[in-house]
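Peer 1: Take this structure first; my questions come after.
Every read-out reported here was derived from the displayed coordinates using simple, explicitly stated rules and does not represent laboratory data. Only a predicted model underlies this, so the values are computations on that prediction, with no experimental measurement involved. No Cβ is skipped: glycine too gets one built from the backbone with ideal geometry, and neighbour counts run over all protein chains shown.
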Amino acid sequence: MDAIEVIVAKRDGGELTAAQIDWVIDAYTRGEVADEQMSALAMAILLNGMNRREIAGWTQAMIRSGERMDWSALDRPTADKHSTGGVGDKITLPLAPLVAACGAYVPQLSGRGLGHTGGTLDKLESIPGWRASLSNDEMLSVLRSAGAVVCAAGSGLAPADKKLYALRDVTGTVESIPLIASSIMSKKIAEGTGSLVLDVKVGSGAFMKTPERARELAETMVALGTDAGVRTVALLTAMDRPLGRAVGNALEVQESVEVLAGGGPSDVVELTVRLAREMLEAAGISGPDPAKALADGSAMDAWRRMITAQGGDPDAVLPKAAETMVVEAPASGVLSRLDAYAVGLAAWRLGAGRARKEDPVSFGAGIMVHAKPGDLVRAGQPLMTLHADETARFERALEALRGGYEVGPASTEVLPLVMDRIT
Ligand code: URA
């Protein structure tokens, strides 16, 4: 077999055979298929798609490219959540300890932000001392002591996806449903969780801009998980506006701690509790009430154990940006729009995100949103506070926000927070 045969088959709209898929993923992982050949194939897949059989074969081949983790030694069920990424999406931070406090183990391999979306590991790294890289033995030990572990995937997990994702990122081939679904699910299945809840974001700040595309992605991923023996359910949730009020690494940790202390913005609390219920149901745990575990401090206790077990100090003062700038309401009326993509892009330009994988992030940079769509505002009232380490960053952030918010006579429609549930 050779790479050209596989590329030409997909370029001409054909179906790849199981043997072709297995060969190309294995040969690419070993370096026998070159990056330029794999990018041609990824583009052919983006343009011509793959059917369910091909996507399942592609996912399984990526899983087989590396190790598969096994939590069968644990005495309680495992449950995980994956979000397709958004702006202000800090849900993993309160959710993982909350679900642990309710009786499941949460082994979560997370990623870093790229572009306008934030990454869970960048957020947690703003806590002094916290470590993202753990060996498999360390993961097991944190799980046993804290009930939840959030860390980076080791190099042995789905290495084919690691290589392919980096290639897609620079060849305009990220936005393919078969490639996104197989990328996410190969890592989640290899991670060894018994059940999985997918939070598929919809709207300007998400990969999937329309409910139709998000539903297709969700259905594809649920089928992949179910076929692999992982109890999988997906929620479609709103990402037309930022989630909560904090966007940026340390700012989002602060907001998550407020949620764990029984406060925090209502949308973050609602989504955290809903996802926790879904995770517990998927794990077969009934009885514990996540809303109660937030109120009685047991989720906070699990958070403190989880952060401490990974070297972090839950009482440490979080990094703060040196400079702030207030964006005021241009008129009196209703804030009718606050675009998630514009806010994410502005936070990124303030230093909260990175342009290249190797860049550092500023832990203190980001945006605090003071008004959400539907709120009444007065002219001159603060709408947002921008945080950055240098004042020079404010101008480009303001440019990103231009046209991203509107104050008008009446509210426009926003997406419901939870739009659909797919099983
Ligand atoms: N996240 C992933 O892990 N893979 C994708 O392809 C997109 C988002």
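Peer 1: Take the alpha-carbon centre of segment 54-129, take the same for segment 216-289, and report the distance between them in whole Å.
Peer 2: 11 Å
Peer 1: Starting with the fewest neighbours, write out GLU67, GLU54 ranked by other beta-carbon atoms found within 10 Å of each beta-carbon.
Peer 2: Ascending Cβ contact count within 10 Å gives the list GLU67, GLU54.
Peer 1: Could you give me the ³J(HN,Hα) list for segment 224-237, computed from phi with Karplus coefficients 6.51, -1.76, 1.60 and θ = phi - 60°, whole Hz, x at Gly and Pro?
Peer 2: Along segment 224-237, the couplings run 5, x, 4, 4, 8, x, 9, 5, 10, 9, 10, 10, 9, 10 Hz.
Peer 1: Tell me which residues come under 5 Å, amide H to amide H, from LEU134 once H is placed; ignore anything under 5 positions away on its chain.
Peer 2: Long-range HN contacts for LEU134: ALA152.
Peer 1: Would you look at the GNM of the chain, springs on alpha carbons closer than 10 Å, and say which of ASP296, ASP75, ASP161 moves the most?
Peer 2: ASP75
Peer 1: Amide H of MET419: which non-local residues (sequence gap of 5 or more, or other chain) have their own amide H closer than 5 Å, using H built in the peptide plane?
Peer 2: Long-range HN contacts for MET419: LEU236, THR237, ALA238.
Peer 1: Read phi for every residue in segment 379-385 and hand back ³J(HN,Hα) as whole Hz from Karplus 6.51 cos²θ - 1.76 cosθ + 1.60, θ = phi - 60°, with x for Gly and Pro.
Peer 2: 3, x, 6, x, 9, 8, 10
Peer 1: Go through segment 414-421 residue by residue and turn each phi into a ³J(HN,Hα) via Karplus (6.51, -1.76, 1.60, θ = phi - 60°); whole Hz please, and just put x for glycine and proline.
Peer 2: Along segment 414-421, the couplings run 10, 5, x, 4, 10, 9, 6, 10 Hz.
Peer 1: Let me ask something else about it. Nearest 10 degrees is fine. How inclined is helix 298-309 to the longest principal axis of the chain, computing both from alpha carbons?
Peer 2: That helix lies at roughly 60 degrees to the long axis.
Peer 1: I'd like the FRET efficiency for SER145 and ALA166, computed as 1/(1 + (r/R0)^6) with the beta carbon distance as r and R0 of 56 Å, rounded to 0.05.
Peer 2: The formula returns an efficiency of 0.95 here.
Peer 1: I need VAL197, VAL99 ordered by Cβ neighbour count within 10 Å, fewest first.
Peer 2: VAL197, VAL99
Peer 1: Report the normalised scattering of the chain as log10 I(q)/I(0) at q = 0.10, 0.14 Å⁻¹, calculated by the Debye formula with identical scatterers on the alpha carbons.
Peer 2: Those come out to -0.68, -1.30, one per q.
Peer 1: Filter the trypsin sites (Lys or Arg not before Pro) in segment 322-369 to those in DSSP coil with at most 10 other Cβ atoms within 10 Å of their Cβ, and list the result.
Peer 2: Answer in residue order: ARG356, LYS357.
Peer 1: While we're looking at this one, here's another question. List the residues, sorted by chain then number, that are 5 or more residues from MET208 or on another chain and whose placed amide H is less than 5 Å from its amide H.
Peer 2: Under 5 Å from the amide H of MET208: GLY203.
Peer 1: To continue, here is another question. If you find the alpha carbon centre of segment 355-418 and of segment 174-215, how far apart are they in angstrom?
Peer 2: Rounded to whole Å, the Cα centres lie 26 Å apart.
Peer 1: Order these by the 10 Å Cβ neighbour count, fewest first: MET69, MET384.
Peer 2: Listed from fewest to most nearby Cβ atoms, that is MET69, MET384.
Peer 1: For segment 252-353, just say rounded, prolate or oblate: build the C-alpha gyration tensor, square-root its eigenvalues into a ≥ b ≥ c, call rounded for a/c under 1.5, and beyond that prolate if a/b exceeds b/c, oblate if not.
Peer 2: Note, shape of segment 252-353 comes out oblate.
Peer 1: Something else now. Expressed as a rounded percentage, what relative contact order does the chain have, with Cα pairs under 8 Å and six or more residues apart?
Peer 2: It comes to 20 percent, rounded to a whole number.
Peer 1: What is the magnitude of the charge dipole of the chain about its Cα centre, with +1 placed on the Cβ of each Lys and Arg, -1 on the Cβ of each Asp and Glu, and no other charges, expressed in debye to the nearest 20?
Peer 2: 300 debye
Peer 1: Which residue, chosen from THR171, SER145, PRO265, occupies the Cα position most advanced towards the positive end of the dipole of the chain, where the dipole is computed from +1 (Lys, Arg) and -1 (Asp, Glu) charges on Cβ about the Cα centre?
Peer 2: PRO265
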